[in-house]
Amino acid sequence: MTRSKALLQHAGLEANVNRTLVLDAVLEAQTALTPAQLLDTLGPAMNKVTLYRILELLVEHRIIERHSGPDRAFHYCAGQGHGHFHCTRCGRMHCLTLPESTEALTSLTSSPLGRVDTVEVRLDGVCQNCLKA
Ligand SMILES: [Zn+2]
Ligand SMILES: [Zn+2]
């Protein structure tokens, strides 16, 4: 069984063809992808409305995460509790494993302002590819 099928079934979702295709594309990417980038990857066989619906479903079941990019477009990627390196030139959101010691961040989750549910870490800069160009 592929990882995407296992994840879908674990969440109690039917692993149909479209869901598997979308999840595979998200899992294989090293960056957090926008729906437009996913449509490019998946080709003309994938319908935009279907894609949006599947992404919502996957987020709802916490199989993938939705991050808001600086361009206000949503980016989707798998795996939780990681940060992103955003390239201000090409706009890619690279997934970034956070260092083990995130005490400073964790302490924010007991904010006096109220209950914190998620902490998003985004570093802005210029990626290796763009630096070389
Ligand atoms: Zn770049
Ligand atoms: Zn990510």
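Structural remarks
- If you go through the stretch 25-46 and pick out every residue that is open to solvent by 70 Å² or more (accessible area, probe 1.4 Å), within 22 Å of R122 (Cβ to Cβ) and either of a type in the set (A, V, I, L, M, F, W, C) or more than 16 Å from ligand 2 (Cβ to nearest atom) (or both), you end up with 0.
- Test: P70 is touching a Ser or Thr at 6+ places or on another chain (Cβ under 9 Å) and in contact (Cβ under 8 Å) with a residue 40 or more places away in the chain: yes
- No other residue among G91, G12 is among the small types (G, A, S) and at pLDDT 95 or above apart from G12.
- Residue check, C130 within 16 Å of ligand 1 (Cβ to nearest atom), assigned to a helix (DSSP H, G or I) and farther than 19 Å from L8 by Cβ: yes
- The strands (runs of 3 or more DSSP E) found entirely in the stretch 47-94 that carry 2 or more residues being surrounded by 14 or more Cβ atoms within 10 Å (Cβ to Cβ) and away from ligand 1 (no atom under 16 Å from the Cβ) are 64-68, 74-78.
- Residue match in the stretch 34-46 (condition: of a type outside the set (A, V, I, L, M, F, W, C) and within 16 Å of ligand 1 (Cβ to nearest atom)): yes
The values are calculated or read from the model by the stated rules, or taken from the named source; none is laboratory data. Everything numeric in this text was worked out from a predicted model, so none of it was measured. All Cβ positions, glycine included, derive from the backbone under ideal geometry; neighbour counts span all protein chains shown. For accessibility, only protein heavy atoms count, side chains too; no ligands or nucleic acids. Shrake-Rupley method; radii C 1.70, N 1.55, O 1.52, S 1.80 Å.
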